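In what follows, a single structure is set out as structure tokens and then discussed.
The values are calculated or read from the model by the stated rules, or taken from the named source; none is laboratory data. None of these values were measured; they are calculated from a predicted model. Virtual Cβ from ideal backbone geometry, glycine too; neighbours counted across all protein chains shown.
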Amino acid sequence: MISGDKILMNYRYLLNKFAWALLTIIFVIVLNFFLFRVLPGDPARAGLRDPRLTVEAQEAIRARFGLDKPVINCFDSLNPLKIGNCAVNPLETQFFIYVSNLLRGELGISYHSNRPVVDILGERLWNTILLVSAGQILSIVIGISLGVVAAWKLRTMIDYGALVSSLVAWSLPTFWLGIILLFIGSRYFGLPIGGKMTPGAHFESTWEQWKDIARHLILPTITFTIIFIGEYMLIMRSTMVDVLSEDFILTAKAKGLHSIQILKDHALRNSMLPMVTIIALNLGFTVAGAIQIETVFSWPGLGQVFFEAVGRRDYPMLQGAFLILAISVIFANLAADLLYSYLDPRVRAG
Amino acid sequence: MQSQITVSGFGGFWANLKQNSMGVFGLIMVLMAIGMALLAPWLAPYDPNAPVKVTIDDIYAPPSPEHWLGTDDAAKDVLSNFIYGSRVSLTVGFFASFISIFIGGAIGIMAGFLGGRVENGLMRLTDIMLVIPDLPLAVVLVALTKPSLLNIIFVIGILGWTGTARLVRSQTLSVKERKFVLRAKAIGAGQFYIIRRHLLPLVLPLMVANTVLVISLAILNESTLSFLGLSDPTTLSWGQMLNFAFTRGAMSAGAWWALVPPGFGIVWVVLGCTLFGHGLEQILNPRLETHHLAVGEEMVAREDSRMTPGEIVELT
């Protein structure tokens, strides 16, 4: 029977986690706003560098993107620093307009394509999720299996082999592995050189179209998998070694249980807890991996948008993409915390 | 009789390292890379900055006796670029990680030593930084400032300190409660005196091991930023070489010699640092590596850490 106290604890734990995620998101939003106004490449100058524009046209564009308003109370501009009126209506400042737009789900208009940033990011988000989940699921399954086997066969050739290859995989720059696999795959295995679908192809059926997408997914997914296997294997191995040296394993062994049974029913369960945290923390790196892999394989996802926005100095786009990437990582961490408390009642009870 | 588990001074440290073959291997790999960077002008067959006369056949020319690793998109010798490229990658790696270690160390010691609100605030800041994805933030920061080597070092440095801060804090917390620190406090030693005389000597070794690992991350980050075209195009690093090769048709020209060596260099240095760093960690923070299901082993102390009766063991 669950007592009232425990439920209260549970509530407080969840509330604490939610409040913490919210605070981090607010920090990211504020950082995202001010970074783009404090650092020298400010949007107004960078986006409007075209010398063919008349002064009037520049003013019109500034007004269209709301850049003529003061940044925040007391400051007309942060770079170059211009002190302004402190008594200005806060609702008329760039900061307030930015935040209120965000709350309505608007991320501004792309300088480059003149379309709402939200629409472009929304189209691309699913491609990234497809790519990331395929790679993550494979690397988690393979990495955990390798880690279990390496820990079981500790200090044998199997263990050393798995250990060394994991360290090498960990040291590979993601983009370079992508380039090498792309080189080999497109030259010798007839795999597509990038993109999501064969350009200009006409598909007989949805099934054919999906087959084409799957062919384009092969190389990026292999890259993703190799990059992440190493870390998952190393952590699984050391967690397993810890768990396998505990007394209850000796008890199970003394009861005459088979090694496989002990691994499966006793050790694996207890080793999965730390993995949940690691997988969530890794999502930050997953985002970094997505940017590199999508750039190398021209995969039309968030990472590619982000990279293209840098080259085009498309600041609303860059800002929007950064916000979406950061918030997804924060949410993933929150999800992991909640999952962790669900899996391990000790955490919940405080 | 002197036991083998004692670590005292450099000699003891070296004796321990020699037993750790992965650590030695990593150290050799790192030293070779540093040697190549220092001796670049003597090792490289051509000067990468010297102008060359170019005909169409010289661009992406395959390996030949004149150019062991062929030529790149500007008909420059890939081998010479590779040798000189190690200089930039290593410089960025070292300086950026020094910044990270300094910030992380200061935050970790302050949080662990001062405790209370300071600790709470600093660790919350660390948690926030840990969650924000590094690479996108680095890309934004570099894109908004001028793309120069100094900016890259700075950006990588100020984003890479979170791991160090957590490590140093937990180490500080454990040292803080030791008897000799409490005694020093009781006889009225000042905070800075305790940090300098008692805390740093015990926290520093772990920080050194951590530095080596942070260097490998910094080198990976530098190569990624350069590959994405965010570095100064006039400084030749391995990531920059890959950027040029990838964006200027090495793939379609089939010029594997322009794509393989720079990546190989990065893997070499990063793997070397990783092996060396893990080796150092194992020495400073030894763990018993065995368990109940291990093949052919009983879970007892290893031969070298067994003591004979009456033996005097120096504990440091």
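Beta carbons closer than 9 Å, at least 6 apart along the sequence or on distinct chains, pair a first residue in the stretch B:179-190 that is surrounded by 11 or more Cβ atoms within 10 Å (Cβ to Cβ) with a second that is of a type in the set (S, T, Y) for B:A184/B:Y193. Is one or more of the residues making up the stretch A:269-279 within 10 Å of chain B (Cβ to nearest Cβ) and in a helix (DSSP H, G or I)? Looking for residues that are within 10 Å of chain B (Cβ to nearest Cβ) and in a helix (DSSP H, G or I), one finds none in the stretch A:269-279, hence no.
When the stretch A:142-169 is limited to residues that are not charged (D, E, K, R) and not in a helix (DSSP H, G or I), the one that is nearest to the other protein chains (Cβ to nearest Cβ) turns out to be A:L154. Among the residues of the stretch B:47-82, none is identified as of a type in the set (F, W, Y), more than 14 Å from B:F244 (Cα to Cα) and at pLDDT 80 or above. Report, by residue number, each residue of the stretch B:33-55 that is under 22 Å from B:V269 (Cα atoms), loosely packed, with under 14 Cβ neighbours inside 10 Å and of a type in the set (A, V, I, L, M, F, W, C). Correct list: B:L38, B:L39, B:W42.
Taking the conditions exactly as written (within 24 Å of the chain's Cα centre (by Cα) and crowded, with 19+ Cβ neighbours inside 10 Å), does B:V30 satisfy them or not?
So B:V30 fits the description; yes.
Residue selection: A:I330 satisfies the criterion of being closer than 18 Å to A:V132 by Cα, at pLDDT 85 or above, among the aliphatic types (A, V, I, L, M) and assigned to a helix (DSSP H, G or I).
Taking the listed residues B:I107, B:I59, B:I83, the one that is away from chain A (no Cβ under 14 Å), touching an Asp or Glu at 6+ places or on another chain (Cβ under 7 Å) and of a type in the set (A, V, I, L, M, F, W, C) is B:I59, with no other qualifying. Criterion first (at pLDDT 85 or above, more than 9 Å from chain A (Cβ to nearest Cβ) and outside any helix (DSSP H, G or I)) does B:L217 satisfy it? Taking the combined requirement at face value, the residue does not satisfy it. For the stretch B:139-154, the candidate set comprises residues that are crowded, with 18+ Cβ neighbours inside 10 Å and free of Cβ contacts under 8 Å to residues at least 24 places away in the same chain; within that set, the residue that is nearest to the other protein chains (Cβ to nearest Cβ) is B:L144. Can you go through A:I293, A:I324 and tell me which one is of a type outside the set (S, T, N, Q), within 17 Å of the chain's Cα centre (by Cα), crowded, with 24+ Cβ neighbours inside 10 Å and modelled with pLDDT of 85 or more? Result: A:I293 is the single residue among A:I293, A:I324 that is of a type outside the set (S, T, N, Q), within 17 Å of the chain's Cα centre (by Cα), crowded, with 24+ Cβ neighbours inside 10 Å and modelled with pLDDT of 85 or more. Within the stretch B:272-291, the set of residues being within 8 Å of another protein chain (Cβ to nearest Cβ) and either at pLDDT 95 or above or over 17 Å from the mean Cα position of the chain (by Cα) (or both) comprises B:L288, B:E289, B:T290, B:H291. Scanning the stretch A:182-201 for residues that are of a type in the set (A, V, I, L, M) and within 11 Å of chain B (Cβ to nearest Cβ) yields A:L182, A:I184, A:I193. Residue-level check: of (1) assigned to a loop (DSSP other than H, G, I, E, B); (2) within 11 Å of chain B (Cβ to nearest Cβ), A:I179 misses just (1). Scanning the stretch A:203-212 for residues that are loosely packed, with under 15 Cβ neighbours inside 10 Å and not small (G, A, S) gives A:F203, A:E204, A:T206, A:W207, A:E208, A:W210, A:K211.
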